[in-house]
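Okay, so here's the structure we're looking at.
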Amino acid sequence: MTLIYVVEDDDNIREIETIALKNSNYEVEAFDNAKDFYKKLEEKIPDLVLLDIMLPDKDGYEIIRDLRKKEETRRLPVIMVTAKSTEMDMVKGLDDGADDYIKKPFSIMELLSRVKALLRRTQDSKPKQYQIGSVVLNHEKRKVKVDGEEVEMTFKEYELLRYLMMNSGIVLSREAIMRQVWETDFEGESRTVDVHIKTLRKKLGDSGKIIRTVRNVGYIIEKTV
């Protein structure tokens, strides 16, 4: 299910946005400040963010700039929601990295229409295939090939490999992998990651060397070996 984060300090507007999105079959988590939003981002990256500009602890423009500086959130779709209606305010938000904006007050139909449109554009542009060395992952077909030969994988092995390939060149902690692939943050289960990495390397054969262990941290798939 598509996950949307709503960052809005106005209780009424936050509730309206949340209810409207949930009624349209989106998974929603809402925050009334930047601090809680940032904390949640460390656990899971959503598919889209609705971001209010006037927040109590941090300016929304600054939040957008922060998101665009980080590799994991650089392409995260963001709709700016603002009570500021001058052309310069809109241009500033878009220049800082927002993908779209909605002016308050807005209708529910406008909100949902803009969310659907942005999701359609961004999801259509997501890579359908990843390749590192001789390993090719085709997400449309959910197939993995090594040197042209298909490799059978369990659901979790596939999701683990996909997560690593999507973030090639980035060191991923065991905890981050647990949250993303197993959807749990129970640290005592991080051994599960090690076991799956071992079987994944074995199935990839000689190409398994693209998965490198980073001592005391986690794992990384290198772009080049």
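Values computed for the structure shown
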read-out	value
Stretchable slack from GLU71 to GLU149, in nm (0.36 nm times residue separation minus alpha-carbon distance)	24.9 nm
Distance violations [Cα-Cα > 25 Å] among LYS58/LYS104; LYS128/LYS209; LYS35/LYS92; LYS143/LYS209	none
The chain - percent of accessible surface contributed by carbon and sulfur, probe 1.4 Å	47
Residue-wise HN-Hα coupling along region 135-146, computed from phi with Karplus coefficients 6.51, -1.76, 1.60 (Hz; x: Gly, Pro)	8, 10, 10, 9, 6, 4, 9, 6, 10, 10, 10, 10
Compactness of region 1-120 - radius of gyration and Dmax, Cα, Å	12.9, 36
Average accessible surface area per residue within the chain, 1.4 Å rolling probe, Å²	56
Sum of -39500 (n - 2.57) over DSSP H runs of 4+, divided by residues of the chain (222 nm, nearest 500)	-12500 deg cm²/dmol
Cα-Cα pairs of the chain separated by more than 29 Å (percent)	36
For the chain, the longest site-free run once chymotrypsin sites (Phe, Trp or Tyr not before Pro) in DSSP loop states with at most 16 other Cβ atoms within 10 Å are removed	1-105
Crossing angle, helix 60-69 versus the chain [Cα axis fit, 0-90 degrees, rounded to tens]	20
Charged-residue dipole, Cβ positions (Lys, Arg, Asp, Glu), the chain about Cα centre, Debye nearest 20	1140
Distance between modelled label sites at GLU42 and ASP57, nm, 7 Å Cα→Cβ extension	1.2
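The values are calculated or read from the model by the stated rules, or taken from the named source; none is laboratory data. Since we're looking at a predicted model, the values are computed, not measured. Every residue, glycine among them, receives a Cβ derived from its backbone with ideal geometry; neighbour counts consider all protein chains shown. Keep in mind that these areas ignore ligands, DNA and RNA; they rest on the heavy atoms of the full protein, side chains included. Shrake-Rupley method; radii C 1.70, N 1.55, O 1.52, S 1.80 Å.
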